[in-house]
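Worksheet: the structure to be examined is printed underneath.
Nothing in this text is a laboratory measurement; each read-out follows from the coordinates by a stated rule. All of these numbers come straight from a predicted model, not from anything done at the bench. Cβ: placed from backbone, ideal geometry, glycine included. Neighbour counts: every protein chain shown.
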Amino acid sequence: MTIVKKSFSLFMALCLCCALFTGAFASTFTDAHGNVIELDDTLEAYTEYVLYGANNAARKAETNLGDLWADALRWFAVSGRINEYFEEDDVTAGITSIDADADHVVALWNGGNLRADVAEGKFGAEELAVVLPYPNKVAVVYMSGAEFVETLEAASQGLPYSEDSAAACAAFMQVSGLKYTVDTAVEYQKGEAYGDNWFKAASLGRVAIEEVCGLPFDSDATYAVITSNANFNGMDSSYMFKAAAQANERSAITTAVVRDVIWMYIAEELGNIVGETYAEAQGRITIK
């Protein structure tokens, strides 16, 4: 009997050690910049549909994953959840919330930053890290309607997608809060070269914004555009983001990590289930 008790005690001790060992070594992910990040293994959600981001899907056209991603960013802003994530210097300067009505808040996310599908079924933090392997943070840029339409014009310059234009199409914007059309029969008018794959827009004509948050587009209005710190700083074709951010001191990069914001949206708004709303792309972008 003593031997049995000793064996049981040893077994329980080994189980406890294994549990402690497992907890001490949570799974990690090495992002595209070489940073090793610790993943929250407790995060768990379910999608009833495949969310498309692999094979450059989000560079070619609107996708359901692009809709979800952009919706999460816009929700983060209009819900006020963003307010607690402004940098200390911005708060000191009086930047503590989004300075725009909800019907003037939109989200843009470049398709080149959606790198994988999320398969139907259960998924966790690792799956989202594979979708976005960059340490992007949420940013807000205030820009006029005229600057906004030029941003979309430049971002769409690689369309229609082909193997030759794949790099340029990384700038193509998935969106929330607006509908727009790209007429690829109209040739993009190339201005000054911008980076290795893009040109500034010499004139406008390919892109038409149909509506913003259900209202007519106003080229004279000011819009709060929720995006990433990379676009804020002028990545890809985002020269208008950079110029607008420099011109408007209310524009800011927050401390919020984009992947964390996606989880907030999935948990708080969707109840950890990505359902019929994201069964397919929602018709926000028309490519003629």
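Between N233 and D40, what is 0.36 nm times their sequence separation minus the Cα-Cα distance? Round to one decimal in nm.
Here the segment from N233 to D40 would lengthen by 66.6 nm.
Just to verify a number: FRET efficiency for A185 and A243, C-beta to C-beta distance, R0 = 22 Å, to 0.05?
According to the calculation, E is roughly 0.15.
How large is Rg/Rh for segment 117-267, to two decimals, with Cα atoms and a Kirkwood Rh?
Dividing the radius of gyration by the Kirkwood radius yields 0.97.
Would you work out if segment 26-155 is rounded, prolate or oblate? Take a ≥ b ≥ c from the square roots of the eigenvalues of the alpha-carbon gyration tensor; rounded if a/c is under 1.5, else prolate when a/b is larger than b/c, oblate otherwise.
Oblate, since a/c reaches 1.5 and b/c is not below a/b.
What does the charge count around Q189 come to, taking other residues whose C-beta lies under 12 Å from its C-beta (Lys +1, Arg +1, Asp -1, Glu -1)?
Every neighbour counted, the sum reads -1.
Using modelled amide H (1.01 Å from N, peptide plane; none on Pro or chain starts), what sits under 5 Å from the amide H of S228, excluding residues fewer than 5 places away?
Under 5 Å from the amide H of S228: A139.
Net charge within 12 Å of S219 by Cβ-Cβ distance, Lys/Arg positive one each and Asp/Glu negative one each, not counting S219 itself?
-4
Tell me, in nm to one decimal, what length is gained between N272 and S27 on full extension, where the rule is 0.36 nm per residue of separation less the Cα-Cα distance?
Difference between extended and current length: 86.1 nm.
Could you work out the relative contact order of the chain, using alpha carbon pairs under 8 angstrom and six or more residues apart, expressed as a whole percent?
So the answer I get is 28 percent.
Which shape class applies to segment 162-246: rounded if a/c is under 1.5, otherwise prolate when a/b exceeds b/c and oblate if not, where a ≥ b ≥ c are the square roots of the Cα gyration tensor eigenvalues?
oblate
Once you've got the Cα coordinates, tell me which of K190/K288; K122/K179; K190/K242; K200/K242; K200/K288; K60/K288 are over 24 Å apart.
From K190/K288; K122/K179; K190/K242; K200/K242; K200/K288; K60/K288, over 24 Å: K122/K179.
Using helices alone, what [θ] at 222 nm do you get for the chain, with -39,500 (n - 2.57) per DSSP H run of 4 or more residues, divided over all residues and rounded to the nearest 500?
-9000 deg cm²/dmol
Hey, for a label at E211 modelled as a point 7 Å past Cα toward Cβ, could you say which residues of segment 218-256 have their backbone N under 18 Å away?
From segment 218-256, the list is 218-219.
Name the residue farthest towards the positive end of the dipole of the chain from the options L152, A244, A281, assuming +1 on Cβ of Lys and Arg, -1 on Cβ of Asp and Glu, about the Cα centre.
Sorting the options by dipole projection puts first A281.
Around G234, what is the net charge, scoring Lys/Arg as +1 and Asp/Glu as -1 over all other residues with Cβ under 14 Å from its Cβ?
Computed value for this residue: -3.
For the peptides 133-143, 264-274, what is the packing order when you average, over each peptide's residues, the other Cβ atoms within 10 Å and list the highest mean first?
My ranking of the peptides, most packed first, is 133-143, 264-274.
Ranked highest first by average number of other Cβ atoms within 10 Å, how do 119-128, 64-73 line up?
Output ranking for 119-128, 64-73: 64-73, 119-128.
Mean Kyte-Doolittle of at least -0.5 and a Cα length of 27 Å or more along the axis: which whole DSSP H helices of the chain meet both?
2-24
Within segment 253-272, what residues put their amide N at less than 12 Å from the label point 7 Å along the Cα-to-Cβ vector of E88?
It comes to no residues whatsoever.
Over what distance in Å are the Cα centres of segment 174-228 and segment 240-288 separated?
Their Cα centres are 17 Å away from one another.
Please give the length that would be gained between N55 and A279 if that part of the chain were fully extended, namely 0.36 nm times their separation in residues minus their C-alpha to C-alpha distance (nm, one decimal).
78.8 nm is the gain from fully extending N55 to A279.
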